[in-house]
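Quick notes on the structure that follows.
The values are calculated or read from the model by the stated rules, or taken from the named source; none is laboratory data. Computed from a predicted structure; not experimentally measured. Quick reminder, even Gly has a Cβ in these numbers, built from the backbone with ideal geometry, and neighbours come from all protein chains shown.
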Amino acid sequence: MTASKTLYAQKIVTLGGGTGHFALLRGLVDLNEPELITAITGTWDNGGSSGRLRTEMGVLPSGDTRQCLLALMEDENQRVVAQKLFNERFNDQDGPLKGHSIGNLIQSQLQRIFQGQDRGTDATRALFRIRAHVLPVSLTDVELCAKTDHGHVIEGESTIDLRGDSQNFDPEEKISRIYFDTSADPNPKAIDAIRKADKIIFSPGDLFTSVLPHLLVKDIAKAIIHSKAKIYFVLNLMTKKGETDSYKASNFLKALIFYLGSNKRLDFIIANQNHISKEVIKVYDMEGQEPIEIDLKNCQAITSNLKIIQKPLAKYYPKEHLLRHDSAKLAQVILSTN
């Protein structure tokens, strides 16, 4: 990305995880000064390669951090090569490395060398010349738990994430709350970035495992409430089986406000407006997902200060069968709105 193409110079803080966070950051780094972007990532992933390294090496999980670092690489050629390298897994051999991604191994080893996830991430940024910042929301080793409205307790981020795949899954049994197994102290650098931000953005992503857990970390919600930043909530394109079955926009909004602790600080919801083809909806319906209905009146009844911006933001990739936010359009909407 050349400097001549940079249009904005806003202090941006994002909170989220997964592919939704990746899509948001890809657009922001192309349209805003990269040095002014801070991606805040979760540290409660306990599944797959990240979960194993967390147990075996005593490090904080690196999966979300890896995705953010990739998204924030400005040179497209560098990003393509790095993505192939970072996502490459040792799946063709037996032994201790089987199933691990190279990106997670690099991140985990740098954590050990530089004695901490934040310093290890800064070392990765230096190695790949990434100007934007990536910060763990907390440096505390925590386990994410959920409780359903039937009283069932689900332990571990990966178990909550895959809840919809279990044979006895009941979509009528909703997640009623989430919590950590121990108190999570905030990363002071994350608090500082939030205090200085012009805009704070909750990225699209799995509501109860990628987005809302940030607000469980001590003082994070408080810092957001007392910041001078405009606060944005990017609504998902589809519901998530096992987490947000049959949710409308107002359900997402209620959940965010509950964990944020204020119904007056959220300024904008960014929602998709464009038509999604019947063929795509049919395929997603077979997977237990559906487009999120934007129930404007219910949302506005929850908080009168809220502005709901609906724009054509969905982009379908037929080869991969993926429905994602268009990174450039999403970033443009956020950066051009005050």
Scan of segment 228-247 for residues that are of a type outside the set (Ser, Thr, Tyr), surrounded by fewer than 19 Cβ atoms within 10 Å (Cβ to Cβ) and within 20 Å of Arg163 (Cβ to Cβ), ordered by number: Lys241
Subset of segment 35-58 that is buried (at least 20 other Cβ atoms within 10 Å of the Cβ), under 23 Å from Ile191 (Cβ atoms) and of a type outside the set (A, V, I, L, M, F, W, C) - its residue that is modelled with the highest pLDDT: Thr38
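Results for (1) under 19 Å from the mean Cα position of the chain (by Cα); (2) crowded, with 20+ Cβ neighbours inside 10 Å; (3) without any contact (Cβ under 8 Å) to a residue 40 or more places away in the chain, shown as yes or no for each residue.
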residue: Gly103; (1), (2), (3): yes, yes, no
residue: Ser108; (1), (2), (3): no, yes, no
residue: Arg112; (1), (2), (3): no, no, no
residue: Arg119; (1), (2), (3): no, no, yes
residue: Leu127; (1), (2), (3): no, no, yes
residue: Val134; (1), (2), (3): yes, yes, no
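So which residues in segment 14-31 are among the hydroxyl-bearing types (Ser, Thr, Tyr) and at pLDDT 95 or above, if there are any at all? Steps first, answer last, please.
Step one: list which residues in segment 14-31 are among the hydroxyl-bearing types (Ser, Thr, Tyr), which gives 14, 19.
Selection gives Thr14 alone.
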Asn87, sole failed condition from (1) crowded, with 16+ Cβ neighbours inside 10 Å; (2) touching a Leu at 6+ places or on another chain (Cβ under 9 Å): (1)
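For residues that are part of a loop (DSSP other than H, G, I, E, B) and in contact with a strand residue (DSSP E or B) (Cβ under 7 Å, 6 or more places away or on another chain), scanning just segment 313-333, find the one that is nearest to Ile269 (Cα to Cα).
First, the residues of segment 313-333 that are part of a loop (DSSP other than H, G, I, E, B): 313, 318-321, 326.
Filter again for in contact with a strand residue (DSSP E or B) (Cβ under 7 Å, 6 or more places away or on another chain), leaving 313, 326.
Numbers: Leu313: 13, Asp326: 16 Å.
The residue in question is Leu313.
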Checklist (1) touching a Leu at 6+ places or on another chain (Cβ under 9 Å); (2) assigned to a loop (DSSP other than H, G, I, E, B); (3) more than 30 Å from Lys230 (Cα to Cα) applied to Ala184, failing item: (3)
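Looking only at segment 188-209, decide whether some residue is closer than 30 Å to Asp170 by Cβ, part of a loop (DSSP other than H, G, I, E, B) and more than 18 Å from the chain's Cα centre (by Cα).
No, segment 188-209 contains no residue that is closer than 30 Å to Asp170 by Cβ, part of a loop (DSSP other than H, G, I, E, B) and more than 18 Å from the chain's Cα centre (by Cα).
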Residues of segment 296-338 classified as in contact (Cβ under 8 Å) with a residue 24 or more places away in the chain, among the hydroxyl-bearing types (Ser, Thr, Tyr) and closer than 17 Å to Asn274 by Cα, total: 2
Output for segment 271-295, where each listed residue is free of Cβ contacts under 8 Å to residues at least 40 places away in the same chain and in a helix (DSSP H, G or I): Lys278, Glu279, Ile281, Lys282, Val283, Asp285, Met286
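Would you mind stating whether Ile309 is hydrophobic (A, V, I, L, M, F, W, C) and part of a helix (DSSP H, G or I)?
Working: hydrophobic (A, V, I, L, M, F, W, C): yes; part of a helix (DSSP H, G or I): no.
In short, no.
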